[in-house]
Every structure is written in structure tokens, then in C-alpha cells.
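The values are calculated or read from the model by the stated rules, or taken from the named source; none is laboratory data. Since we're looking at a predicted model, the values are computed, not measured. Here Cβ is always computed from backbone atoms with ideal geometry, including for glycine, and neighbour counts include all displayed protein chains. For the accessible areas, the whole protein counts, side chains as well, though only heavy atoms, and no ligand, DNA or RNA atoms are used. Shrake-Rupley method; radii C 1.70, N 1.55, O 1.52, S 1.80 Å.
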Amino acid sequence: VYKRQFMNKVKAEEPLVVVDIRTPAETGVYSVTLPGTLVIPVSELFTGESLALIPTDKTVVVVCLSGTRASAAGTALRHIGFGNVYILKGGFKALTAYLGPKEANTPLKVDKVKK
């Protein structure tokens, strides 16, 4: 999923779950604050306990810093049966560039999302 599509889903309040697979050091600096976000480092993603947290009835968007780890993890999740998994292309870097630094660091207001 591309940054614009992702933000449109957020704006439309579609039921989606973001899975942030970055390391604890990375998520300690900043993370996704959308309701229902799961923070599961990629090193722990493929455990039974973590997989059980990932819903099958909602859109799931896997994110990382640049999209590289998310691509690998999202593809692997699809291969084990999660047909509802998408990857945020370009990761947080692309999303931040799309939003701009001021907007990216301001709490999201649904009515201010770019179309």
C-alpha cells in the first residue's frame, strides 16, 4: 500500500491494524499511535504468540523504517496464510516525506489528511 492509500484508509477510519516491526531501539524513539497498532519486532514476529495477535478480519499494514524489512515480513506472512497483509511502501521515511516534518510530528486529525 502506498502512503497516500494508507492515509486515505486512516482518514476513512477503515478497520486496519498497523504492525510496526522495527526494533525496540527504533520504536523507543517514535512509533505509530493509531488505535490497535501492534509493535512486534521482526525477530519476534513469527512466533505462535505474535502470529495469534495479527487479525485475519481486518486490513493489516506492516511498517518499518524504509519498507525493506516490511516487504520481507509481509511477503512471508502472506505465504503462511495471511491474505489481508499489505506493506507500507517506503516505510516511515516515505510517510514522513509525504506528510512533511511538521505534519508528521503533529497528532493526526482525520480531517487534515491529504487526499
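Between ALA76 and THR27, residue separation times 0.36 nm minus the direct Cα-Cα distance comes to 15.5 nm.
A 1.4 Å probe run over the protein chains yields, for the chain, 57 Å² of accessible area per residue, whole-number rounding. For the chain, the longest principal axis of the Cα atoms and the long axis of helix 68-79 meet at an angle of about 50 degrees. Rounded to the nearest 500, the 222 nm mean residue ellipticity of the chain from helices alone is -10500 deg cm²/dmol, with -39,500 (n - 2.57) taken per DSSP H run of at least 4 residues. Applying the Karplus relation 6.51 cos²θ - 1.76 cosθ + 1.60 with θ = phi - 60° to the stretch 84-96 yields 3J(HN,Hα) values of 9, 9, 10, 10, 6, 4, x, x, 4, 4, 5, 5, 5 Hz, where x marks Gly and Pro.
The amide H of VAL17, built 1.01 Å from its N in the peptide plane, has THR59, VAL60, VAL61 as neighbours under 5 Å, considering only residues 5 or more places off or on other chains. Under Stokes-Einstein, with the Kirkwood radius over Cα pairs as Rh, the value for the chain at 20 °C and 1.002 mPa s is 151 µm²/s.
Each residue of the stretch 45-51 was assigned a 3J(HN,Hα) from its phi angle through the Karplus expression (A = 6.51, B = -1.76, C = 1.60, θ = phi - 60°), giving 5, 9, 9, x, 5, 5, 4 Hz with x at Gly and Pro. Placing a pseudo-label 7 Å from each Cα along the Cα-to-Cβ vector at THR68 and THR47 gives an inter-label distance of 2.5 nm.
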